[in-house]
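The values are calculated or read from the model by the stated rules, or taken from the named source; none is laboratory data. What you see is a predicted model; the values in this text were computed from it and never measured. All Cβ positions, glycine included, derive from the backbone under ideal geometry; neighbour counts span all protein chains shown.
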Amino acid sequence: MGPLADRRFAAVIFDMDGTLVDSTAAVLRCWVRWAQDEGVDPVRMAHSHGVPAEEIVARLLPPERRAAALRRITDLELADTHDITVLPGAAEALLAVPRDRSAIATSCTRPLAEARIAASGLVRPDVVVTVDDVAVGKPAPDPFLRAAELLAVDPRSCLVVEDAPSGITAAQAAGCATLAVTTTTPAERLEADLVVPGLADVLWKTADGGIRLHVSSDGPADEACSSLH
């Protein structure tokens, strides 16, 4: 368990895509179509997972094309919520962590986040922070700082669950502890306090006013303990 051993957290903040829900197929369909429409080589979008769409568009297109292109990818993603499913252990994690001590912090816009949560059937926490709620998205710390503020807890007492390097960077900048899942990114690229295959490998317990986690002894999570950073 490394740095997370014996720690009690005031709250847990979950990333959404790749952490709680699997939206990979829909995301790929939309961005590949967008790239074709915009004449962008899809290879240039590599390692963009977890980064707000506005930042991806700004990196790939000149200023005069960005507004229309951003509207285009937004429309594509809102229209395509097929194949979005809850990842193993995600629903159980949200049920195990008290509702007033959990949040989602995502790089999606508010409409897209709500659409994907609804499509997945995931039970929605009261606090959901999107890129629309902050001045700067991941890898800046703003989404996690805002989530901690809405939960009325110190970000240094929060655990962030992420699957993307940009999210881990944001969480660390906010002062949060980090738990990474390897659902979309290899373990060697996730510089988190603890790396596990997925949320199904984590057991959650609320005690003494705080939240603790344990890595399951059943299955591949034992191997993941060797990936601590």
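Looking at the stretch 183-202 only, could you name the residues that are surrounded by fewer than 23 Cβ atoms within 10 Å (Cβ to Cβ) and in contact with a Leu (Cβ under 7 Å, 6 or more places away or on another chain)?
Selection gives T183, D193, G198, V202.
Take the residues in the stretch 200-217 that are touching a residue at least 12 places away in the same chain (Cβ under 8 Å) and hydroxyl-bearing (S, T, Y); name whichever of them is nearest to R8 (Cα to Cα).
Result: T206.
Within the stretch 79-106, can you find the residues that are of a type in the set (S, T, N, Q) and over 16 Å from A148 (Cα atoms)? Before you say what the answer is, go through the steps one by one.
If we filter the stretch 79-106 for residues that are of a type in the set (S, T, N, Q), which is where we start, we get 81, 85, 102, 106.
Listed by number, the residues that qualify are T81, T85.
Here is a check on your reading of the model: is A135 within 25 Å of R99 (Cβ to Cβ) and aliphatic (A, V, I, L, M)?
Numbers: within 25 Å of R99 (Cβ to Cβ): no; aliphatic (A, V, I, L, M): yes.
For A135, the condition - within 25 Å of R99 (Cβ to Cβ) and aliphatic (A, V, I, L, M) - is not met.
Within the stretch 124-131, is even one residue closer than 23 Å to T185 by Cβ and either part of a strand (DSSP E or B) or out of contact with any helix residue (DSSP H, G or I) (no Cβ under 9 Å at 6 or more places or on another chain) (or both)?
yes
Looking at A135, A140, A180 in this structure, which one is hydrophobic (A, V, I, L, M, F, W, C), free of Cβ contacts under 8 Å to residues at least 60 places away in the same chain and in a strand (DSSP E or B)?
The unique qualifying residue is A180.
Given E149, E223, which one is among the charged types (D, E, K, R), at pLDDT below 95 and over 25 Å from A25 (Cβ atoms)? Spell out the reasoning first.
Values: E149 fails: at pLDDT below 95.
Within the list E149, E223, the selection yields E223.
Mind counting the residues in the stretch 79-123 that are part of a helix (DSSP H, G or I) and among the aliphatic types (A, V, I, L, M)?
Looking only at that region, the number is 13.
Would you mind telling me which numbered condition in (1) in contact (Cβ under 8 Å) with a residue 40 or more places away in the chain; (2) surrounded by fewer than 20 Cβ atoms within 10 Å (Cβ to Cβ); (3) not aliphatic (A, V, I, L, M) G167 fails?
Only one criterion is unmet by G167, namely (2).
From P186, P197, grab the single residue that is in the same structural domain as P88 (by TED's automatic domain parsing) and free of Cβ contacts under 8 Å to residues at least 24 places away in the same chain.
Testing whether each residue is in the same structural domain as P88 (by TED's automatic domain parsing) and free of Cβ contacts under 8 Å to residues at least 24 places away in the same chain leaves just P186.
Can you tell me which residue is nearest to L20 (Cα to Cα) among those in the stretch 170-182 that are buried (at least 22 other Cβ atoms within 10 Å of the Cβ) and β-branched (V, I, T)?
Only one residue fits best here, namely V181.
Give me the residue from the stretch 1-34 that is within 14 Å of the chain's Cα centre (by Cα) and charged (D, E, K, R) and, out of that set, farthest from T130 (Cα to Cα).
Once the filter is applied, the top-ranked residue is D22.
Before we move on, is G39 under 21 Å from S23 (Cβ atoms) and either at pLDDT 95 or above or loosely packed, with under 15 Cβ neighbours inside 10 Å (or both)?
Judged against the criteria, G39 is not a match.
Kindly indicate whether L76 is touching a Cys at 6+ places or on another chain (Cβ under 9 Å), assigned to a helix (DSSP H, G or I) and either closer than 26 Å to V161 by Cα or of a type outside the set (V, I, T) (or both).
Criteria met by L76.
Sort out which residues of the stretch 2-49 are over 18 Å from R116 (Cβ atoms) and assigned to a loop (DSSP other than H, G, I, E, B), and write them in order of number.
Once the filter is applied, which keeps residues that are over 18 Å from R116 (Cβ atoms) and assigned to a loop (DSSP other than H, G, I, E, B), the stretch 2-49 yields A5, D6, R7, R8, A10, G39, V40, D41, A46, H47.
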